[in-house]
């Protein structure tokens, strides 16, 4: 009798273990992020890459690397994501990688700062921890349009992890030159007025 009681207890424990093992567990990962939009101005000083995630629990992006190579694979730029895991639920969130001047040009604050010229405007490939690494063709450099990863160009619309959005307005090279000439002329005019 004592043995049959022990067998029943063992069977109950095994049954409980099997039940617990069959319950789905939430596991955080990082591999379901997708590239949604890339942008550069003509100088490469204003750039961004926006990732998006439809899924929950994709928080562990810290330590992951993004590699961008030019068309001939002769140059590669790498960025390793610093810091700790992303907070909260990642479902329907964007991650914004942008150059330091992006926010001053109308974009939202980047979640991560990438160096100027990180993306190759003439095209190349992006290899990263997410679901849609691949090549891209020459990007628009008009300061207005970005390349959507689905294909085609559209007005830029960067979004960061907190949901802030913006529109980057890159100054045209001709406008910068005109501004420089105007400042130079004002300096000489002021100098002539002192005489």
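For region 73-112, the tally of residues that are more than 19 Å from residue 163 (Cβ to Cβ) and either touching a strand residue (DSSP E or B) at 6+ places or on another chain (Cβ under 8 Å) or at pLDDT 95 or above (or both) stands at 15. Restricting attention to region 77-113, the residues that are outside any loop (DSSP other than H, G, I, E, B) and more than 17 Å from residue 30 (Cβ to Cβ) add up to 6.
crowded, with 19+ Cβ neighbours inside 10 Å, under 17 Å from residue 160 (Cβ atoms) and modelled with pLDDT of 95 or more: is that true of residue 119 in this structure? Lay out the reasoning, then the answer.
Values: crowded, with 19+ Cβ neighbours inside 10 Å: yes; under 17 Å from residue 160 (Cβ atoms): no; modelled with pLDDT of 95 or more: yes.
When the stated conditions are applied, residue 119 does not pass them.
Determine whether residue 96 is within 20 Å of residue 43 (Cα to Cα) and in contact (Cβ under 8 Å) with a residue 24 or more places away in the chain.
Numbers: within 20 Å of residue 43 (Cα to Cα): yes; in contact (Cβ under 8 Å) with a residue 24 or more places away in the chain: yes.
Yes; evaluated as a whole, the condition is true for this residue.
Restricting region 32-47 to residues that are in a loop (DSSP other than H, G, I, E, B) and under 14 Å from the mean Cα position of the chain (by Cα) leaves a set whose member that is nearest to residue 160 (Cα to Cα) is 33. If you go through region 125-167 and keep only what is farther than 16 Å from residue 107 by Cβ, loosely packed, with under 13 Cβ neighbours inside 10 Å and in contact with a strand residue (DSSP E or B) (Cβ under 7 Å, 6 or more places away or on another chain), you end up with 134, 135. Checking the structure you have, find out if any residue of region 36-58 is modelled with pLDDT of 95 or more, surrounded by 21 or more Cβ atoms within 10 Å (Cβ to Cβ) and in contact with a helix residue (DSSP H, G or I) (Cβ under 6 Å, 6 or more places away or on another chain). Yes; the residues of region 36-58 include at least one that is modelled with pLDDT of 95 or more, surrounded by 21 or more Cβ atoms within 10 Å (Cβ to Cβ) and in contact with a helix residue (DSSP H, G or I) (Cβ under 6 Å, 6 or more places away or on another chain). Taken as a whole, the condition of being touching a residue at least 12 places away in the same chain (Cβ under 8 Å) and within 24 Å of residue 59 (Cα to Cα) does not apply to residue 153. Please verify whether region 105-124 includes one or more residues that are more than 13 Å from the chain's Cα centre (by Cα), without any contact (Cβ under 8 Å) to a residue 60 or more places away in the chain and farther than 30 Å from residue 169 by Cβ. No, because not a single residue in region 105-124 is more than 13 Å from the chain's Cα centre (by Cα), without any contact (Cβ under 8 Å) to a residue 60 or more places away in the chain and farther than 30 Å from residue 169 by Cβ.
The values are calculated or read from the model by the stated rules, or taken from the named source; none is laboratory data. Every value quoted in this text rests on a predicted model; they were computed, and no experiment measured them. Note: ideal-geometry Cβ built from the backbone for every residue, glycine included; neighbour counts use all protein chains shown.
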